[in-house]
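**Student:** Below you will find the structure I want to go over with you.
We did not get these values from a lab; they are worked out from the coordinates using the rules stated. This structure is a prediction, so every number in the text was calculated from the model and none was measured. Counting neighbours? That spans all protein chains shown, and the Cβs are built from the backbone with ideal geometry, glycine included.
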Amino acid sequence: MGNDGTRVVVLGVGLHPFGRFPEKSMSDLGRTAALEAMKDAGVSYNDIQAGYCGRVVASTGVGLNIFEELGSTGIPVTNVELACASSSRAAEFAATAIKAGVHDMCMVVGVEKMPRGMLDLGQSGGGGMSFAGAMGLALLPGEYAMQARRHMALHGSKREHFAQVSVKAHKNGCLNPYAQYQVPLSLEEVMNSRMVADPITLYQCCPTSDGASAVVLCSEETARRYTTKPVYLTVSMGATPIYTPGEVQLSEGPTAWLAQRVYEKAGLGSEDVDVAQCHDAFTPGEVLTVEKLGFCKEGEGGVFVWEGNTEITGKKPMNTDGGLLSRGHPMGATGGAMITEIVRQLRGQAGPRQVANARVGMIHNAGVGGIQLSILTT
Amino acid sequence: MSDSGEGSTKHMVPLRAGIFRLPDTPEGKPVLLGSRCPKCGAYYFPKRHICIGCGHDGLDEAELSARGKVWTYTIAGQTPPGSLVEAPYALAVVELPEKVAIRAVLTDVDLDAVRVGMDVEITLAKMKEDQDGNDVVSYKFRPV
């Protein structure tokens, strides 16, 4: 979705708190978030012309069940899956449909209920054991850990640089009533927690979570009927890794390359970003992403974070709602939660988490094998 | 079983066929099997059909080098689901001279001594025994 045609407004946002809710169904979670987003937008379900549902492990039809609980108005409903970036990608699809004039108002619901413990990347279809899993290679925190270790070897970043990401995330999470963990963690507590994949300790891993997010999107013209202070989804674009001959790489996608394209489409630069959300599933996520989004030079991400530049009061506030690490990461819901926080920041509704004079927000959401970057503006 | 009893021979069985060539003896080295593009010469592991570099469809099977360097690594402190290798262990991305990246567990190594740039070579690794008592084998890398 580029910056042409009608502009798309994020008219309403809503969440079901993230955490563990064994007594609730996925429809319960999704319905709660959707009702909050529609209330925030000032619209009713009859105004929604298309529905999109971001989800990963949830079964076929989960989106249709959630939307069916809200009403039975005949609208098309589509499930979208891009691992942890599912609802970010779903928002791009919704925005593209609005830009194309196919629909005037759409709602994206993201939802997930996850079991406790490390994600099973080694599983394969048919109940067999996958080769990578059996070989000990299917270690998801290990992918981030190996990027961190490479960064440490090339650029001299230190363990505490990564750990500080989690300290900051939990500090912010304490200010977010929707966060899964609203408990501060000291640097010592983070660094001394159980080692999962060196240098990543347990408290540098996001939790598995239950939760839901919802986002109502509409055309600029329609938004005028509801608000005088719209927040625009100015650009949202995705990518998959780009092959470079003779180069070993581990990244989930060409973030730096896509960031340039997104900035260009928005007519903005990295210096214009006032607040950002990035995919801190594991702490190296933030250290690596601040470099790729152009917030600091390559190799300086660890120091940049360590010096407090990504704090709410820093130069580039990042993951002001606690991020995946503290807010939680119900995979399908995460993209919508990132949009929700940026919208609240740009509206000046973030309360104790508010970044002063935030007018441009950026989102980096990574799925296994794909990324999505978005810019929101006032 | 007609061939049971003393004198029965234990066999080596690959954990997954087609990924590496078994050595003739348990002391030998396995050989990784990747792909090579006959048009532009690029190598890949695991095998693929189409060259990402030049788009050529129809790559040849290629034996890959036994030695490489640790490009990056981590020390796994937790055993991932389904793994036959138990934590703690060193997991590495090994860069071979063919410019392919191999994810592999390192063995016969001091976990505190693993470094980016370390020279390593492939080695045969027993992963488990099957129900007939055969060794199910695969590969790991070890310091040279």
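**Student:** If each of A:L64 and A:E220 carries a label point 7 Å out from its Cα toward its Cβ, how far apart are those two points in nm?
**Tutor:** With each label placed 7 Å out from Cα toward Cβ, I get 3.7 nm.
**Student:** Where Rh denotes the Kirkwood radius from the mean inverse Cα pair distance, what is Rg over Rh for region B:13-143?
**Tutor:** Rg divided by Rh gives 0.99.
**Student:** Among the listed pairs B:K39/B:K126; B:K69/B:K126; A:K158/B:K126; A:K292/B:K69; A:K113/A:K168; B:K47/B:K69, which are separated by more than 30 Å between their Cα atoms?
**Tutor:** Listed pairs above 30 Å: B:K39/B:K126; A:K158/B:K126.
**Student:** Applying the Karplus parametrisation 6.51 cos²θ - 1.76 cosθ + 1.60 with θ = phi - 60° to the phi angles of region A:267-279, what ³J(HN,Hα) value in whole Hz is obtained for each residue in order, glycine and proline being reported as x?
**Tutor:** 3J(HN,Hα) across region A:267-279, in whole Hz: x, 10, x, 4, 5, 7, 6, 9, 8, 9, 10, 10, 7.
**Student:** For the protein assembly as shown, just give the cysteines left without a disulfide-compatible partner, judged by no other Cys Cβ under 4.7 Å.
**Tutor:** By the Cβ distance rule, which asks for a partner under 4.7 Å, the isolated cysteines are A:C53, A:C84, A:C106, A:C174, A:C205, A:C206, A:C218, A:C278, A:C296.
**Student:** Determine which residues of region B:75-103 fall in the zone a paramagnetic label at A:L250 would reach in this model, i.e. backbone nitrogen under 14 Å from the point 7 Å along Cα→Cβ.
**Tutor:** Hits in region B:75-103 for A:L250 at 14 Å: B:75-77, B:90-95, B:101-103.
**Student:** Now a separate question. Please give the charge dipole size of chain A, origin at the Cα centre, charges +1 on K and R Cβ atoms and -1 on D and E Cβ atoms. Round to the nearest 20 debye.
**Tutor:** In total the dipole reaches around 340 debye.
**Student:** Then there is this: What are the radius of gyration and Dmax of chain A, computed over its Cα atoms and given in Å?
**Tutor:** For chain A, the Cα-based Rg and Dmax read 19.4, 58 Å.
**Student:** For A:A153 and A:E264, calculate 0.36 nm times their separation in residues minus their Cα-Cα distance, and state this gained length in nm to one decimal.
**Tutor:** Difference between extended and current length: 36.7 nm.
**Student:** Mind putting a number on the dipole of region A:201-346 about its Cα centre? Charges go on the C-beta only, +1 for Lys and Arg and -1 for Asp and Glu, and I need it in Debye to the nearest 20.
**Tutor:** Charge dipole, region A:201-346, about its Cα centre: 460 debye, nearest 20.
**Student:** How well do other chains shield peptide B:81-91, expressed as the mean number of their Cβ atoms within 10 Å of each residue Cβ?
**Tutor:** Going residue by residue through B:81-91 and averaging, the value is 6.
**Student:** Taking the mean number of other Cβ atoms within 10 Å as a proxy for protection, how do you rank B:21-32, B:67-78 from highest to lowest?
**Tutor:** Result, highest mean first: B:67-78, B:21-32.
**Student:** Report the one residue of B:I50, B:L33, B:V93 whose Cα lies farthest in the direction of the positive end of the charge dipole of region B:19-144 (charges on C-beta: Lys and Arg +1, Asp and Glu -1; origin at the Cα centre).
**Tutor:** The listed residue farthest towards the positive side: B:I50.
**Student:** Still on this structure, I have one more. Give me the net charge for the shell around B:S35: Cβ to Cβ below 15 angstrom, other residues only, Lys and Arg +1, Asp and Glu -1.
**Tutor:** Local net charge: +1.
**Student:** Still on this structure, please answer the following. Using only Cα atoms and rounding to the nearest 10 degrees, what angle (0 to 90) does helix A:255-266 make with the longest principal axis of chain A?
**Tutor:** In chain A, helix A:255-266 runs at an angle near 30 degrees to the longest axis.
**Student:** Can you work out ³J(HN,Hα) from phi for every residue in region B:98-112, in order, using Karplus 6.51 cos²θ - 1.76 cosθ + 1.60 and θ = phi - 60°, giving whole Hz and x for Gly and Pro?
**Tutor:** Working through the residues one at a time gives 6, 6, 10, 9, 10, 7, 7, 7, 8, 10, 6, 9, 6, 4, 7 Hz.
**Student:** Inside 10 Å of the C-beta atoms of A:141-153, what's the mean count of C-beta atoms belonging to other chains?
**Tutor:** Mean number of neighbouring Cβ atoms from other chains: 5.
**Student:** For every other residue with a beta carbon closer than 12 angstrom to the beta carbon of B:K140, add +1 if it is Lys or Arg and -1 if Asp or Glu, then tell me the sum.
**Tutor:** Net of charged neighbours comes to +2.
**Student:** May I pose another question? Given charges of +1 on the Cβ of Lys and Arg and -1 on the Cβ of Asp and Glu, with all other atoms neutral, how large is the dipole of region B:60-144 about its Cα centre, in debye to the nearest 20?
**Tutor:** So the dipole magnitude of region B:60-144 works out to roughly 380 debye.
**Student:** Next question, about the same structure. Taking R0 as 41 Å, what's the FRET efficiency between B:C40 and A:R20 from their Cβ-Cβ distance, rounded to 0.05?
**Tutor:** Using R0 = 41 Å, I get an efficiency of 0.20.
**Student:** Sticking with this one: List every residue whose amide H lies under 5 Å from the amide H of B:V136, counting only residues 5 or more places away in sequence or on a different chain, with H placed 1.01 Å from N in the peptide plane.
**Tutor:** Long-range HN contacts for B:V136: B:V13, B:M127, B:K128, B:E129, B:D130.
**Student:** Which angle from 0 to 90°, rounded to the nearest 10, does the C-alpha axis of helix A:86-99 make with the longest principal axis of chain A?
**Tutor:** 40
**Student:** Quick one: if the Förster radius is 22 Å, what FRET efficiency do A:V368 and B:L33 give, using the C-beta to C-beta distance and rounding to 0.05?
**Tutor:** 0.30
**Student:** Ok, one more. What ranking, highest mean first, results for peptides B:88-96, A:176-184 when packing means the other Cβ atoms within 10 Å averaged over each residue?
**Tutor:** Taking the mean over residues of other Cβ atoms within 10 Å, the ranking is B:88-96, A:176-184.
**Student:** For peptide B:10-23, compute the average count of partner chain beta-carbon atoms within 10 Å of each residue's beta-carbon.
**Tutor:** Counting Cβ atoms of other protein chains within 10 Å of each residue's Cβ and averaging gives 1.
**Student:** Now a separate question. Per the helix-only calculation at 222 nm, which mean residue ellipticity applies to chain A, given -39500 (n - 2.57) for every DSSP H run of n ≥ 4 and division by its residues, nearest 500 deg cm²/dmol?
**Tutor:** So the helix-based figure for chain A works out to -10500 deg cm²/dmol.
**Student:** For region A:1-56, which chymotrypsin sites (Phe, Trp or Tyr not before Pro) pass both filters: DSSP loop (anything but H, G, I, E, B) and at most 15 other C-beta atoms within 10 Å?
**Tutor:** none
**Student:** May I pose another question? Between B:D57 and B:E129, what FRET efficiency follows from the Cβ-Cβ distance if R0 is 51 Å, with the result rounded to 0.05?
**Tutor:** That pair, B:D57 with B:E129, gives E of 0.80.
**Student:** Taking the mean number of other Cβ atoms within 10 Å as a proxy for protection, how do you rank B:53-65, B:116-128 from highest to lowest?
**Tutor:** Highest-to-lowest ranking by the protection proxy: B:116-128, B:53-65.
**Student:** Using only Cα atoms and rounding to the nearest 10 degrees, what angle (0 to 90) does helix A:159-173 make with the longest principal axis of chain A?
**Tutor:** Taking the Cα atoms of chain A, the angle to A:159-173 is about 30 degrees.
**Student:** Now a separate question. What are the ³J(HN,Hα) couplings of region A:360-365, residue after residue, when phi is run through the Karplus curve with 6.51, -1.76, 1.60 and θ = phi - 60°? Round to Hz, x for glycine and proline.
**Tutor:** 10, x, 10, 10, 10, 10
**Student:** Projecting each Cα onto the charge dipole of the protein assembly as shown (Lys/Arg +1, Asp/Glu -1 at the beta carbon, about the Cα centre), which of A:S130, A:Q147, A:Q180 comes out farthest on the positive side?
**Tutor:** Value computed over the given set: A:Q180.
**Student:** A further question follows. Which net charge results for the neighbourhood of A:L11, defined as the other residues with beta-carbon distances under 14 angstrom from its beta-carbon, given Lys and Arg at +1 and Asp and Glu at -1?
**Tutor:** Here the count lands on +1.
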